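Encoded as structure tokens, the structure appears first; notes follow it.
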Amino acid sequence: MTSSAIRHDHLVRPRHVVTAVLVAHDGARWLPTTLHAVKTQRRPVQRFVAVDTGSHDSTRELLERAVGASSVLDAPREMGFGAAVAMATAAFARAPGLASTRSDSGAVVEWLWLLHDDSAPAPQALEAMLELADEMPSVAVIGAKLLGWDNQRLLLEVGATLDRGGRRETWLEPGELDHGQHDGDRDVLAVSTAGMLVRRDVWEDLGGFDPALPLFRDDTDFGWRANLAGHRVVICSRAVFRHAQATTSGLRPIACGPSQPRRLDRQSALWTMLTNCSAVWLPWTILRVMFAGVVRSSLFVVAKRPFDAWDEMRATVSVLIRPRALLRARRARRATRRIPSREVRPLFAPRGTRARRYGESARERLADIGRRDDDAITDDRGLFRRLITQPGLVLVLGLLIVSLVAERHVLKGTLHGGMLLPAPASAGDLWNTYTASWHATGFGSTTDAPPYLAIVAIIGAVLFGSAQLAVKVLLLGSVPIAGLMAYIAARPIVTTKRLRVWLAATYALLPVASGSIASGRLGTAVAFAVLPLVLLLVGQSLLPPLYTHARAERSTARRSGRRVVGVRPAWPAGLVLALGAAFDPMLYVLLAPLLAVALIASLVRRSWVGVRRVLIVLSVPPALLMPWSARLWHHPALLVLGVGQPSGQLQARRLPAIDMLLLHPGGPSLPPIWLDAVIALAALAGLLQLTRPGPARLGWLLAIDGLVGGLIVAGVQAHVPGSSNTFAGWPGIATAMVGAGLLTSAAVAGTRLRSRLTQTNFGWRQPLALVLASAAAATPLAAGAFWIADGTGHVLHSGPVNILPPFVAAESVAHGQARTVVLEPGPSGQVDYTVLRDRNQQLGDADLLSDPGQVAVVGAAVADLSAGIGQRAATELSHAGIRYVLVPESADAGLGARIAAGGGVLPQNTTGGWRVWEVQANAGRLAIAATGDDDWQLPGDPVGVGRHAPTLQIPFSLGSRVLVLTEAPSSAWQAKAVAAPGPIGAVGAVATAGQLGEVGAGQAASQPGTPLPSTTLDGMQAFTLPTTAANVVVFRSPDRRADWLLFELVVLLVALLGAIPAGGRAGEQRRPGRPVRSDVADPVAGPPAQVAHA
Amino acid sequence: MRLDPRLAAVPVVALVVAVTWVAAVVAPTPHGSAASLSSVIAVREANLVCPQAGGAGTGPAAGGALASGATSPGAARIAYADAGPTDSADSHLTTQALGAGASAAPVAIQPGHGWVVDGPVALTPTQVSVSGSLTDALSAVQFTRTMVGTVPQASAVQCDGPTTDAWFAGFSSNVGAHATLLLSNVDSVQASANVSIWGGEGGEPTVRQGIVVAAQTQVVVALDQIDPGLPVAVVHVAATAGRVVPALRADAENGSIPLGVDWLPRTTAPATTQTVPGILGDAGSRQLVVGNPGTLDATYSLTAVTSDGAYVPTEFTSLTVAAGDVSQISLDPVLQGSAAAIVVTSTQPVVVGGISTSPPDGTGASDYAFTGAALPLSGPTVVAGGEIAAGRDTTLLLSAPGADDAAVRVVVLPTQPDSPPVVNDMTVPGGTTTVLDLASLTTDPAPGVVVIPEGGGPLYAAWSLTEVLQDSTDLTELVLQTPTRTLLRPPVQFDPGAGLP
């Protein structure tokens, strides 16, 4: 067929004159098929022309052979599809004699049939299209159904449209197969340029493709314009094309476009939207485009695709900074527009299409995970049956039931006891504690709150804003959570589900679990629950580099076509380790030696990826937990003591090493020590495996690390910072680590058990192994039974926790803001005490260090009071701002009698089991201490501390005096004064010139300005007062807590960005020859954008 | 040659064994209990109250001076004794009338000696403030000679510190008898006390609640008006707020004939075994008072500890005192003039006291002295004052009611500056009472005495002063109670969770 073939009366649909325009570019791979397909059309084209855009392969020769050299045009390599078509239509203006010809079946219509070199029409494609043209005379543009080149059941496109953001929408699911479900002729906004049949007059009327869209969106722009011009754009599903999508799928490089196709794609999308939308919607569209640009850029940043984010922003800006070009383009389009935009609107994708796409994508991914996790999902049973046969789910439910039964006595009310202080009702209160720079605990504290409070607060916010519920879930739910984590973490080692269930159940019911819960060790319980996940992630992060040389890893990655993973796995490992360390910092310390070994091994093997990963895992927790981690560095005792209120009654006084090996950390509510002995034996059996001994050895390495660490923890007498108390540590998390290690080794033995027994002759091994396996299998059952029988012991309580009588609490707010000391005779003769303001102690207070000087002062006063030296104690207590003393009524005969005999305090009344004593000396948060007078004077009501508190009315005095603030001395406390308006104040200030500095008598009382000299008295903050009357305000200047919070946030964001799997980069072209997965979705943009010029 | 991978178990097991062994070897010894960390601290400050000291007296001295020196009858003097070392530079001693605004007057300290000073001009409660090491070694005793009609009657009371709980046994509110409770408050805050009196019918005590004693004041409560007509009674003073220094003075007369004036010593709180030292010898009546403040009848027996030994009189093997009742038992048939201590063993907690009455003179006048139950001496116990002169005897009654002998050292503190203390070591045989006349040790007119238990069985002691004027005999008596010299300061521990249920 040549270009001279114009019209043949014997042709089907003879009134249609079709000029096929094929644009080819390095398409020799597909061109023979394409050319053959065009030439074997049942209804042949009248003229076939081709444009070769500088191909480097044999494209030119193939074209010449097919259509003749005269019908092949040469174009620059950079020329786009639209320009090439325009070039061809200009060169072959009209079919000769066409204007004077008229067929029998009507007026002659000339068509342009646009073809890609990688798109092959089915034999009846053109005939079907022309048939449609006859059926629908108003049709100006006809598109074809595009199927895959190799897989001809794969649907690629059946018409296209745009969503509100300018993204191309094909209505197809990724990888959707063609079952005829989209068949039928229908109006669409646009059709693909591959196989597009367009009436030549319409083409010329509309000016062809927009030259501003060299590569992308030329088809949708053209279709949109055609629709607005009143022409119908119809998809003809009977016309079928095979399409290789060579450019889109990366099978050939883009030569005609820029090096950033994503930017060009977005730029084209925005250009299309802004040039074609109605004038009324233009401002809104501009705003939307700008907002979307910011959002999409942010998402690209989150997906660790900064170049794409940059492209997105550049695309948006590059369109918006060309208003003249935009207006020119809109003016040009206005000339051809014949119908209002609202009539075209139904052809666009409805709102929510993109969100639905994301949802479907997420659902698919979850389904993939589910399929990987368990074959049960893939069967055709009902959902309920599938769920109840999920081993993991059954495990968690079972552990949950055991936990609830064992914890039956502490399920209601507020949890407290042991190391656990009661949580405040609101998660907001806990969050405020975390963010505050100064804490109104009994003594007051400037310590930065520990990070675990923030985590509990966040979980509490999710749990209906209840911090108490969060504590319950974390502490009481630690066993099922630990079981789930262990089940997940065991997957790489144990492939047998039953064995995994056994491993997870045994781990979850280790004595550490019941011991942590019974003694209120929230920190250990949470760390115990996340330990399997920590081990999994750290192992996954660090083990591959140790086994694989970095260069080998890279080459392997290249060979397999995947990207080098880099350091990404280390970030989630570091994050989870930080989470566990926030609750029990010993977890980090125990893992540190193993990480150090990994670091050395990586250095020896020159695996720089491994080195970086180790460094990331090591550095994320301390950085994220700053400044708390710095405090741990300065007070290593806190590592041993853990979070919460330490106590000497919660652990064994001397823990034998063998106990730890038997997974028995000592303390209350533990099962018999022999219960887990079989695990150690089974773990030993794991070490005797001939094949794949690695996991068992790793398990023992873990166990020995935990054993050594735990023995150190149990043996160290740690001094509680800020007090004189000294306690031994509880090796809870270390024992858990020993347990995890031994269970790993035991599970390895279990994995090989059946094969080894069946492959060897019967002997002593079989009965021994059977007994061992049976005992091991019974271990979790026995542990659960013991736990249920013992319950949670007598340390952990649940119920109301209010100590302060209402009148005491009320007076602690008003009347001098005095404090209360609570005494409790201990079992071995000591007197325990705490100091309260207007509320009870709450979660986190024990972790906020008090000033040692204050503790010593109040401790001495309490000792004096308990010994019966009442007068001195009363003076000391009042100087510490303590007005009330609470003693249990049950101690009336002992401690109460001694206090009564000592004097200095007066009994007020008895309420709630407490006898309230009032200190018979002036006690308040602020007091005026005159030289030589032990009885300090209160400045009067109302008093308060803070910039907005009422000013203190200080009377004049003849003697020197100081204003005492019963808080630990700190340069952050400040006091400022002005002369009081009264004669003694103002006049006195004038008379005693300079006492109030530059403020003097002239300044209004409401504007304090003169700082009072800071001093200390009896270990308390004090300020030297002038002898004149003055109005004084005491306040605390801001410190650096906000800076630290910002730092934590930045570190968290960096770690999260590092942990998020990176999305595929647009610049990474797939290599020719590799099979292409058609269902790969862009994590940000959703389904792959179908590039018009494929 | 490739090694068997199972050999990896050998170093692993060896490592575990090594770690276990090392841990067992180097494990630290656990700390002792918290109680062992308690500290014993010496009391270095005390505020004592002499309930009615000072006064100008009612006339010229009659029959000589009480506790040395010439003092008008009716005036009270304070005798001090300092058993401490000579270098008590850290010590301070002041007196002042009880009351806000009163100024403290320093008192010169005479280490190792006894001395007597006048009280304030007006008869008033007097606060004796002592600090430093002197607190351990000082005794202050108020001596009064009250003229009843023309008959002087001596009385002595230990100047004592504040308490919240005190018992007295043996006063009467019959016609002619007066019982005056003086509640002093040396603290700076108001105190409130309840007074319960047993001895009436029905077993229920008569209670006066909420007696307010303002800071630095004294309140006088006439017990005989609260519950009159009691032949013998027991009173309990309980401070419900603050602390008080209670002192109970009893006097009785028949018209113008004095029948006795003296202060009741504090007796120990109700217990099932009580030991009452200081039942005086010689002529006169000796009574034992047993009160049962409980709600169950008490059956008790008496053991008399005399110089001849300890025995249970057959008539006193099983006595009963009803719940809420107070019994008075005459010891005369049993003791027959012997000095003694009485041990009461009861089925229910009882309160016990003793009354020694001098034989009446020609006018029918007599005097009495009170004793009460006490705890055995636990350390050096100082008692000030006393007189040694013609017709005036100061004696110590030392009892060892147990089976073991009690070694005791008696140190006489002289009043003369240059005189050295006189030390006398002796043994009180188990189950006996020994009477030591101080005149046998010293001729000092007003010697202080230190009684130091040196080991052996429990030792109880009483001090008495007998004054024979013409045909009348004045009696007064003190029961020695070792003061609390040390306090147990418990270890304290800051525990934020303290008090949580």
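Structural remarks
- Under 12 Å from the residue A:890 label point (7 Å along Cα→beta-carbon), backbone N, region B:462-501: B:499-501
- For residue A:1015 and residue B:269, a Förster radius of 60 Å and the Cβ-Cβ distance give a FRET efficiency of 0.75, rounded to the nearest 0.05.
- Stretched out straight at 0.36 nm per residue, the stretch from residue B:425 to residue B:403 would grow longer than its current Cα-Cα span by 6.0 nm.
- Here chain A is assigned +1 on the Cβ of each Lys and Arg and -1 on the Cβ of each Asp and Glu. Its dipole about the Cα centre then comes out at about 3820 debye.
- The slack between residue A:1047 and residue A:464, meaning 0.36 nm per residue of separation minus the straight C-alpha distance, is 207.1 nm.
- Proximal aspartates and glutamates relative to residue A:497, as straight alpha-carbon distance under 13 Å, when same-chain residues fewer than 8 apart are discounted: A:373, A:374, A:375
- Full-stretch length increase - residue A:634, residue A:411 - with 0.36 nm per residue and alpha-carbon distance subtracted: 76.5 nm
- The alpha-carbon atoms of region A:761-837, seen along their principal axes, cover 87, 27, 18 angstrom, with the largest extent given first.
- Debye intensity ratio I(q)/I(0), log10, region A:184-236, q values 0.16, 0.18, 0.21, 0.29 Å⁻¹ (C-alpha model): -0.41, -0.52, -0.72, -1.33
- Rounded FRET efficiency, nearest 0.05, which uses the C-beta distance separating residue A:934 from residue B:25 and R0 of 56 Å: 0.55
- For the protein assembly as shown, share of DSSP beta bridges that run antiparallel, in % to the nearest 5: 85 percent
- Virtual spin-label span in nm between residue A:64 and residue A:78, 7 Å along Cα→Cβ: 2.6 nm
- As a rough footprinting exposure proxy, the listed residues A:278, A:519 were ranked by other beta carbons within 10 Å of their own, and the order from fewest upward is A:278, A:519.
- Viscosity 1.567 mPa s, temperature 4 °C, Stokes-Einstein D of region A:602-682 from Kirkwood C-alpha radius, µm²/s: 79 µm²/s
- Positive-end residue, region B:142-277 charge dipole about Cα centroid, Cβ charges, pick of B:175, B:275, B:158: B:158
- Considering only alpha-carbon pairs that sit under 8 angstrom and 6 or more positions apart, the relative contact order computed for chain A is 11 percent.
- Check: region B:314-421 dipole with +1 on Lys, Arg Cβ and -1 on Asp, Glu Cβ, in debye: 200 debye
- Given chain A, longest segment not containing exposed loop GluC sites (Glu not before Pro) (DSSP; at most 10 other Cβ within 10 Å): A:1-997
- The amide H of residue A:938, built 1.01 Å from its N in the peptide plane, has A:928 as neighbours under 5 Å, considering only residues 5 or more places off or on other chains.
- With contacts taken as Cα pairs under 8 Å and at least 6 residues apart, region A:790-875 reaches a relative contact order of 20 percent.
- Angle between chain A longest axis and helix A:282-302 axis [Cα atoms, degrees, rounded to 10]: 60 degrees
- Computed label-point distance, nm, for sites residue B:225 and residue A:543 using a 7 Å Cα→Cβ extension: 9.5 nm
- Sequentially through region A:192-206, phi angles give Karplus couplings (6.51, -1.76, 1.60; θ = phi - 60°) of 5, 6, 6, x, 5, 10, 10, 5, 5, 5, 5, 3, 6, 4, 7 Hz, Gly and Pro residues having no value and appearing as x.
- Residue A:813/residue B:299 FRET efficiency (R0 56 Å; Cβ-Cβ; nearest 0.05): 0.45
- Relative counts (whole %) of C-alpha pair distances in chain A, using bins that are 20 Å wide: 10, 29, 25, 22, 11, 3, 0
- Under the simplified labelling scheme, the residue B:285-residue B:389 pair shows an inter-label distance of 3.0 nm, with each label point 7 Å from Cα along Cα→Cβ.
- Angle in degrees between helix B:9-26 and the longest Cα principal axis of chain B, rounded to the nearest 10: 20 degrees
- Ranked A:664, B:236, criterion: other C-beta atoms within 10 Å, fewest first: B:236, A:664
- Per residue, chain A reaches -14500 deg cm²/dmol at 222 nm when only DSSP H runs of four or more residues are counted, each adding -39500 (n - 2.57).
- Projecting the Cα atoms of A:423, A:739, A:251 onto the charge dipole of chain A (Cβ charges, centred on the Cα centre) puts A:251 farthest toward the positive pole.
Quick note: the coordinates plus some simple rules give every number you see, no bench work behind them. Because the structure is predicted, anything quoted here is derived from the model rather than measured. All Cβ positions, glycine included, derive from the backbone under ideal geometry; neighbour counts span all protein chains shown.
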